[in-house]
Amino acid sequence: MKFNPHTQRLFTDDGRLIKRLHCPFRLDWRKLGPADDPAERRCEICQHAVTDTALRTEEELLVLMAGNRHACLKVDLNQDNLTLTYRDEKQATWTQKRPARDQNRED
């Protein structure tokens, strides 16, 4: 997956838009309530499930978004299946940068 931190848009590796991320609450993942699925947590404010994109494939996320375009997603800039991108919308080119890994980071 590719994520543009400037536009907050999440794309598949082949450039299909998964979702533009926007949450007015900006909650800490660790403080969200539990859900039945280990890849999800529950927001106590809006009552939505929040899906961890690190634990889903691009195809699973596309299916999720097709079924519920308001589904909430969590993106960690250090997750293994994510590349930071800075897309030039006018030229439709991609510049990629892998986030630096902090070996001492605790999740």
Open item on the list: Test of understanding: what is the full-extension gain from D28 to N68, defined as 0.36 nm times their sequence separation minus their Cα-Cα distance?
Closed with: 12.2 nm
TODO: Show the residues, 5+ positions off or on another chain, whose built amide H is closer than 5 Å to the amide H of I18.
DONE: L10, F11, T12
TODO: In nm, give the distance between the simple-model label positions of Y86 and T7, each being 7 Å from the Cα along the Cα-to-Cβ direction.
DONE: 1.4 nm
- [ ] Using per-residue counts of other Cβ atoms within 10 Å, averaged over each peptide, order 29-38, 70-79, 15-24 from highest down.
- [x] 70-79, 15-24, 29-38
Task: Added length on full extension, which subtracts the Cα-Cα distance from 0.36 nm per residue, L77 to E44 - done: 9.5 nm
Open item on the list: Pairs of alpha-carbon atoms within less than 8 angstrom and 6+ residues apart define the contacts here; what relative contact order does region 2-97 have, in percent?
Closed with: 25 percent
Open item on the list: Apply the Karplus curve 6.51 cos²θ - 1.76 cosθ + 1.60, θ = phi - 60°, to the phi angles in region 57-64 and return the couplings in whole Hz, x for Gly and Pro.
Closed with: 7, 4, 5, 4, 5, 4, 5, 4
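Quick note: the coordinates plus some simple rules give every number you see, no bench work behind them. What you see is a predicted model, and the numbers here were worked out from it, not measured in a lab. Virtual Cβ from ideal backbone geometry, glycine too; neighbours counted across all protein chains shown.
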